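*Asks:* Questions regarding the structure given below will be posed in turn.
Throughout, read-outs are computed from the coordinates displayed, never taken from laboratory work. All figures in this text were calculated on a predicted structure; none of them were measured in a lab. So basically every Cβ, Gly included, is an ideal-geometry build from the backbone, and we count neighbours across all protein chains shown.
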2 protein chains.
Amino acid sequence: MMRATAIIPFKPKNPKSRLSCVLDEAEREAFAEAMLLDVVTAVKEADCQPVILGTELFDSELVQVTIKDVGLSDALNEYLTCAVTSVLIIMADLPLADETSIKRVLETKKDIAIVPGRGGGTNVILLKDPKRFHVDYYGGSFLKHIRIAEECGLSYEVIDSFRLHTDIDEKDDLVELLIHGTGKSRSFLEERGFRLTTENGRVGIERIGKS
Amino acid sequence: MMRATAIIPFKPKNPKSRLSCVLDEAEREAFAEAMLLDVVTAVKEADCQPVILGTELFDSELVQVTIKDVGLSDALNEYLTCAVTSVLIIMADLPLADETSIKRVLETKKDIAIVPGRGGGTNVILLKDPKRFHVDYYGGSFLKHIRIAEECGLSYEVIDSFRLHTDIDEKDDLVELLIHGTGKSRSFLEERGFRLTTENGRVGIERIGKS
């Protein structure tokens, strides 16, 4: 039994610009797709049907729906108004996502389950009755989504997971992936020479063999 | 029934130097103690007995054991060899800790439960049989503790909690406290004029009224 449709917003072209200091554009595109595949694997293991909501088509066998680069919230809200199953919206840059953490979201007894991202965003949100909610992803969306739930009279649960809280945006975030990752995006980094370092008691990251 | 003794390492003098850009020394000392009190409240709510392992005595009614500034791991290991109950070692800079997250640690079925900190540290570790384990907190301690558990033949569980994963070290971490905190350390920040800001879609922090 499918528990929910998992919508995964994804930007295939020139993604993750804050990683430009350690990965060139082609590498960032390959890395973003590796992270996406890790998320797809995790949602499938949690019995969800993944649907990629992409700004462009890209070469993949994954189910894809293409939207304009602008208007992620608008595109999602249009989808929500006609959704007939539970909808899980999960970001593509969460390579630490695993079956257990996603099932904790799916198993909520509330109308909505939400996982904040680091820095005030919304990394994952489960909507049991999507028609009754609308999303607003621009800036500090976690507190906005809590407020929208309250305004709509929907009960909610905040799921306490660092695996779903950790979005990969910057060089320091790669440390988390090398420590806690198990999938394709961790392998991607290792194959390209990324290693953990320890200096003055702090863990960092270095890249070996990159000219 | 007390579930465990909760050892909370604490540095009362000139703590949290990476917050010097936004808090002076006296403020950092007051803020560190507010965070400690939030952790003490949370461990008490989870039925643990808090014991502060401090580098100096400070003015408080909390149970205190004083050690030298050097040798946190040595001091802890000496304690572990003579411990007669389960021991929870929890850092003092985790003001998002709450009863629910700590109980998830305490309720593990394994010999050890561990919560990684951001950047490879160990924020919380539960030892059901403390005599059989030793800690090593210097640099990348999470992976070290996993290795020590394996070497000692102890089973372990990694607890997936962003509340216990989020240690407050830097200015950006204060964003998490203002979004998710509910205790004294959040109030401390608010009373001193700290507010969330949103610029270009990103959440940050500012301080109002500080000359």
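*Asks:* Got a sec? How would A:CYS152, A:CYS21 order by Cβ neighbour count within 10 Å, fewest to most?
*Replies:* Ascending number of Cβ neighbours within 10 Å: A:CYS21, A:CYS152.
*Asks:* Shape of segment B:35-128 from its Cα gyration tensor (a ≥ b ≥ c, root eigenvalues): rounded if a/c is under 1.5, otherwise prolate when a/b > b/c, or oblate?
*Replies:* Because its axes are fairly even, with a/c under 1.5, segment B:35-128 counts as rounded.
*Asks:* Along the positive direction of the dipole of the protein assembly as shown (beta-carbon charges: Lys, Arg +1; Asp, Glu -1; about the Cα centre), which of B:ILE208, B:SER86, B:VAL39 reaches farthest?
*Replies:* B:SER86
*Asks:* Within segment A:123-211, how many Lys pairs sit with Cα atoms under 27 Å apart, leaving out pairs fewer than 8 places apart on the same chain?
*Replies:* Count of close lysine pairs: 5.
*Asks:* Now for a different question. Tell me the label-point distance for the pair A:ALA26, A:SER155, using the 7 Å Cα-to-Cβ offset, in nm and rounded to one decimal.
*Replies:* 5.4 nm
*Asks:* Using a ≥ b ≥ c from the Cα gyration tensor of segment B:71-118 (square roots of the eigenvalues), is it rounded, prolate or oblate, where a/c under 1.5 gives rounded and otherwise the larger of a/b and b/c decides, a/b for prolate?
*Replies:* In terms of gyration-tensor shape, oblate.
*Asks:* What is the percent of Cα-Cα separations in segment B:64-202 that go past 23 Å?
*Replies:* Percentage above 23 Å: 40.
*Asks:* Okay, moving on. Rounded to the nearest 0.05, what FRET efficiency do A:GLN49 and A:LYS103 have when you use their Cβ-Cβ distance and R0 = 22 Å?
*Replies:* 0.90
*Asks:* Under 8 Å for C-alpha pairs, at least 6 residues apart: give me the relative contact order for segment B:4-169, rounded to a whole percent.
*Replies:* 25 percent
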